[in-house]
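Student: Dropping a structure here in structure tokens format, bear with me for questions.
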Amino acid sequence: LTGVLDDCLCDIESIDDFNTFKIFPKIQKLQERDYFRYYKVNLKRPCPFWADDGHCSIKDCHVEPCPESKIPVGIKAGSSNKYSKAANNSKELEDCEQANKLGAVNSTLSNQSKEAFIDWARYDDSQDHFCELDDERSPDAQYVDLLLNPERYTGYKGPSAWRVWNSIYEENCFKPRSVYRPLNPLAPSRGGDDGESFYTWLEGLCLEKRVFYKLISGLHASINLHLCANYLLEETWGKPRWGPNVKEFTRRFDPVETKGEGPRRLKNLYFLYLIELRALSKVAPYFERSVVDLYTGNGHEDAESKALLLDIFRDTKSFHMHFDEKSMFAGDKKGAKSLKEEFRLHFKNISRIMDCVGCDKCRLWGKLQTQGLGTALKILFSEKEIQSLPENSPSKGFQLTRQEIVALVNAFGRLSTSIRELQNFKVLLQQTR
């Protein structure tokens, strides 16, 4: 896998070097910090699109939630938009007053009206979101320690898993039903069609819709790479041994076994990496302000986490072959606006499909990675708002919740790991030849 990627002026070798020597070691460290390792997620939301076919009972699908006592005090106290201790205390007072006011009004409201009020507030908040966010106040939302629940092969596969990916590609990638995605085992038989008509169709799309497909394909490739790299190789005396499975990697990505499809998928992984890298370089001014504090309650650790994050931002800015998102949504204003909205709603739908994943561990990492990508897209389309942020107060124009920040960093960490694992597989393949 070499050479220049389509739709951008960047080559694979430059990304490999940049990731291996600059990004990967630092992002690994950052993901171990308390602020980034605890993610609040609701794994009990029902699937909104079809009757759930039951949860996976394989033990490796299980997610162990974190007891409240283990969560750093600054993370679990109060609002999701909180940054610093000062904001913490004033916000709690505000929340209290707000609750009292609502309480006073609420006695005269029907439950239906209360729901409507909550929905309105949520609608206002969601105007710039590319993802359906879990409601962190829901009793079903729990903190998960990502380090104790790593993404790896769980044995979750077959019709249930395919149905999720099928729904994502077939219904949400701006695709006519007459054009089959290559190598989809659930699609009806295509006779002699080897998927080339699909790529002819894809090339004929506008840049934005091509980008959308590549992002989803890149995410799929990245998730598959994690499963191949962290595979259950054997279990003797109850002691599992996890590691890279070359055979599984070949089955999913080898050009011969995948009829040329594997390398295309891996190129889309690199493309996705570039998009999220670009978002990190664009959001730096948001975090460079003194008002943003990555608050956990441990002052020393918080200062170190922020210094490390800013160091990563400096690296992302130093990369010299960024994707230029200005080429997107650049047509006439009205057409560009409606295309951007269509893009946002399609992506939001994909984030909702993650609630249909039957394996809890796959659902956790699926939700986190789609939310991370959704946050990256939100950043790329909010450049003006980010540049005009006030230095000393939280802004109304552009805001990230802690949940979005954690998802953004961990999702990019997963892509960085994928590209690193790909280097390992290249070495392993050479050894087996």
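Student: Any residue at all in region 319-336 that's modelled with pLDDT of 90 or more and open to solvent by 50 Å² or more (accessible area, probe 1.4 Å)?
Tutor: No, because not a single residue in region 319-336 is modelled with pLDDT of 90 or more and open to solvent by 50 Å² or more (accessible area, probe 1.4 Å).
Student: Would you check which residues across region 160-195 are open to solvent by 50 Å² or more (accessible area, probe 1.4 Å), modelled with pLDDT under 75 and more than 27 Å from the chain's Cα centre (by Cα) and list them?
Tutor: Within region 160-195, Pro188, Ser189, Arg190, Gly191, Gly192, Asp194 meet the criteria.
Student: Being in a loop (DSSP other than H, G, I, E, B) and of a type in the set (A, V, I, L, M) is the filter here, so list the residues in region 310-328 that pass it.
Tutor: Met321, Met328
Student: Glu203 is checked against (1) closer than 22 Å to Ile58 by Cα; (2) open to solvent by 40 Å² or more (accessible area, probe 1.4 Å); (3) charged (D, E, K, R) and fails just one. What number does that condition carry?
Tutor: If we test Glu203 against (1) closer than 22 Å to Ile58 by Cα; (2) open to solvent by 40 Å² or more (accessible area, probe 1.4 Å); (3) charged (D, E, K, R), just (1) comes out false.
Student: Answer yes or no: is there a residue in region 290-304 that is open to solvent by 30 Å² or more (accessible area, probe 1.4 Å), more than 19 Å from Arg402 (Cα to Cα) and of a type in the set (D, E, K, R).
Tutor: Scanning region 290-304, I find no residue that is open to solvent by 30 Å² or more (accessible area, probe 1.4 Å), more than 19 Å from Arg402 (Cα to Cα) and of a type in the set (D, E, K, R), so the answer is no.
Student: Go through region 238-270 residue by residue and tally those that are under 16 Å from Gln430 (Cβ atoms), in contact (Cβ under 8 Å) with a residue 60 or more places away in the chain and surrounded by fewer than 20 Cβ atoms within 10 Å (Cβ to Cβ).
Tutor: 3
Student: State the number of residues belonging to region 282-306 that are closer than 30 Å to Asp7 by Cα and either of a type in the set (D, E, K, R) or more than 17 Å from the chain's Cα centre (by Cα) (or both).
Tutor: 5
Student: Now a separate question. Quick test for you: out of Arg402, Arg420, Arg352, pick the one residue that is open to solvent by 60 Å² or more (accessible area, probe 1.4 Å), in contact with a Ser or Thr (Cβ under 9 Å, 6 or more places away or on another chain) and either modelled with pLDDT of 90 or more or within 23 Å of Tyr156 (Cβ to Cβ) (or both).
Tutor: Arg420
Student: Hey, can you tell me all the residues within region 143-173 that are of a type outside the set (Gly, Ala, Ser), part of a loop (DSSP other than H, G, I, E, B) and without any contact (Cβ under 8 Å) to a residue 24 or more places away in the chain?
Tutor: Lys157
Student: Restricting to region 358-367, name every residue that is open to solvent by 10 Å² or more (accessible area, probe 1.4 Å) and not in a helix (DSSP H, G or I).
Tutor: Correct list: empty.
Student: If you don't mind, there's one more thing I want to ask. Kindly indicate the residue of region 15-31 that is at pLDDT below 95 and exposed (fewer than 14 other Cβ atoms within 10 Å of the Cβ) and also farthest from Cys206 (Cα to Cα) among those meeting that condition.
Tutor: Phe21
Student: Within region 366-378, which residues are farther than 19 Å from Lys29 by Cα and modelled with pLDDT of 90 or more?
Tutor: Those that are farther than 19 Å from Lys29 by Cα and modelled with pLDDT of 90 or more: Gly366, Lys367, Thr370, Gln371, Leu373, Gly374, Thr375, Ala376.
Student: Turning to a different aspect of this structure: Only residues that are over 17 Å from the mean Cα position of the chain (by Cα) and open to solvent by less than 20 Å² (accessible area, probe 1.4 Å): list them for region 127-142, please.
Tutor: Ala141, the sole residue that qualifies.
The values are calculated or read from the model by the stated rules, or taken from the named source; none is laboratory data. Since the structure is predicted, the reported quantities are computational estimates derived from the model, not experimental observations. So basically every Cβ, Gly included, is an ideal-geometry build from the backbone, and we count neighbours across all protein chains shown. Side chains included, ligands, DNA and RNA excluded: accessible areas come from the protein's heavy atoms. Shrake-Rupley method; radii C 1.70, N 1.55, O 1.52, S 1.80 Å.
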